[in-house]
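Read the structure below first, then the notes.
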Amino acid sequence: MPLKTLFLNPPSFENFDGGAGSRWPATREIESYWYPVWLAYPAGMLEGSRLLDAPPHHVSAEETINIAKDYEFLVLFTSTPGFPGDIRLVETIKRNNPHIKICFVGPHVSVLPERALRDCHAIDFVARKEFDYAVVEFAQGKPLKPQHFNLPKQPNTAKAPPVKFQQGRRIAGSQNWQGRQYTVFRNYQSQWHDRNWWRGHYGNNITFVFGSPYYWNAGYWFPAWGYAPSVSYVYDGPIYGYNGLSPDRVTVNVQEQLARAGYYDGPIDGILGSMTREAIAAYQADNGLAITSAIDEPTLATLVLV
């Protein structure tokens with residue numbers, strides 16, 4: 001018997017109809033939705049499965065969580081704007097049904113599989129591109145040919161100990177860093193707010209790295225202290241961003257460039273720990289830059305990353 005499978009088009013934003021009427025005025029009398037044919041194909045191939053199209057039927061997250069309790073395998077079609085909400089949903093599903101296997105599909109995880117797996121430990125695997133047969137064969141117990149990623153689930157606290165939160169903490173020495181490129185470091189102060197505050201102020205400009213949330217503001221990633229009170233950070237400060245890359249991806253690029261230049265011989269893991277920061281500081285000193293030990297714009301420019 002195949003795994004009892006739930007194909008899920010997850011609950012969306014309140015009053016958002018899935019974009020099917022996006023060419024029409026925002027205020028209209030008729031709701032319209034795209035039918036999830038991308039999930040209907042594999043559902044039709046798998047006897048006993050269910051396709052739950054939550055948005056048009058106004059199925060809430062709470063109802064979805066209860067429905068998922070009765071299933072062994074969940075296939076969720078995610079999107080870039082919906083991904084933060086989707087991972088919160090499946091984390092709760094996993095807590096309520098620890099034995100369920102969870103697979104994410106869709107363009108977001110096809111393009112960013114490593115990031116998806118880093119951001120949500122409840123995801124067992126992702127299926128990229130044409131996923132129809134892959135998920136059906138998994139449900140039927142057939143072996144898959146996985147692509148493995150060498151990803152740490154969490155930072156190694158022995159090599160990268162977490163930073164303790166201090167309200168209003170400033171970055172030591174930053175007042176000596178002159179120039180507009182360092183203004184954000186001079187002005188930075190640690191702040192703690194709950195999830196609702198962060199979501200109300202930064203909406204979808206939040207991403208997760210190793211389960212820890214970061215918010216995007218004016219070209220930089222910052223730790224969103226308090227969004228998830230139990231998580232920690234190995235570095236408390238701004239990380240300059242570019243090309244839409246997540247903070248861990250930016251860090252990976254910096255580590256790779258520093259390794260090529262002979263400054264870094266540690267793991268390429270996307271963790272801005274002490275080894276990476278020491279390598280950054282040495283590179284900055286040798287290149288006449290302010291020694292911030294951080295990922296700032298002048299350093300990225302000198303590394304020819306921006």
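Kindly list, by first and then second residue, each pair from a residue in the range 180-201 that is outside the structural domain of Arg88 (by TED's automatic domain parsing) to a residue that is in a helix (DSSP H, G or I) and of a type in the set (Ser, Thr, Tyr), limited to pairs with Cβ atoms under 8 Å and residues at least 6 apart or on different chains.
Here the result reads Tyr182/Ser174; Phe185/Ser174; Arg186/Ser174; Tyr188/Ser174, each pair linking the range 180-201 to a residue that is in a helix (DSSP H, G or I) and of a type in the set (Ser, Thr, Tyr).
Quick one: which helices (runs of 4 or more DSSP H) sit completely within the range 208-306 and have at least 3 residues that are surrounded by fewer than 16 Cβ atoms within 10 Å (Cβ to Cβ)?
Working: elements: 247-260, 274-286, 297-302.
Correct list: 247-260, 274-286.
Within the range 191-199, identify whether any single residue is at pLDDT below 95, polar (S, T, N, Q) and under 18 Å from Ile87 (Cβ atoms), and answer yes or no.
The answer is yes; a qualifying residue exists.
I need the full set of residues from the range 112-128 which are free of Cβ contacts under 8 Å to residues at least 40 places away in the same chain, part of a helix (DSSP H, G or I) and within 19 Å of Ile93 (Cβ to Cβ), in order please.
Matches in the range 112-128: Ala116, Leu117.
So how many residues does the range 246-263 have that are modelled with pLDDT under 95 and either in contact with a Lys or Arg (Cβ under 9 Å, 6 or more places away or on another chain) or aromatic (Phe, Trp, Tyr) (or both)?
Of the residues in that region, 3 qualify.
Restricting to the range 63-98, name every residue that is touching a Gly at 6+ places or on another chain (Cβ under 6 Å) and more than 21 Å from Gly203 (Cβ to Cβ).
Once the filter is applied, which keeps residues that are touching a Gly at 6+ places or on another chain (Cβ under 6 Å) and more than 21 Å from Gly203 (Cβ to Cβ), the range 63-98 yields only Phe77.
With the requirement that a residue be in a loop (DSSP other than H, G, I, E, B) and surrounded by 15 or more Cβ atoms within 10 Å (Cβ to Cβ), what does the range 129-139 give you?
Phe131
The values are calculated or read from the model by the stated rules, or taken from the named source; none is laboratory data. A quick note: this is a predicted structure, and the numbers were derived from the prediction, not measured. Heads up, the Cβs are rebuilt from the backbone with ideal geometry, glycines too, and the neighbour counts pull from every protein chain shown.
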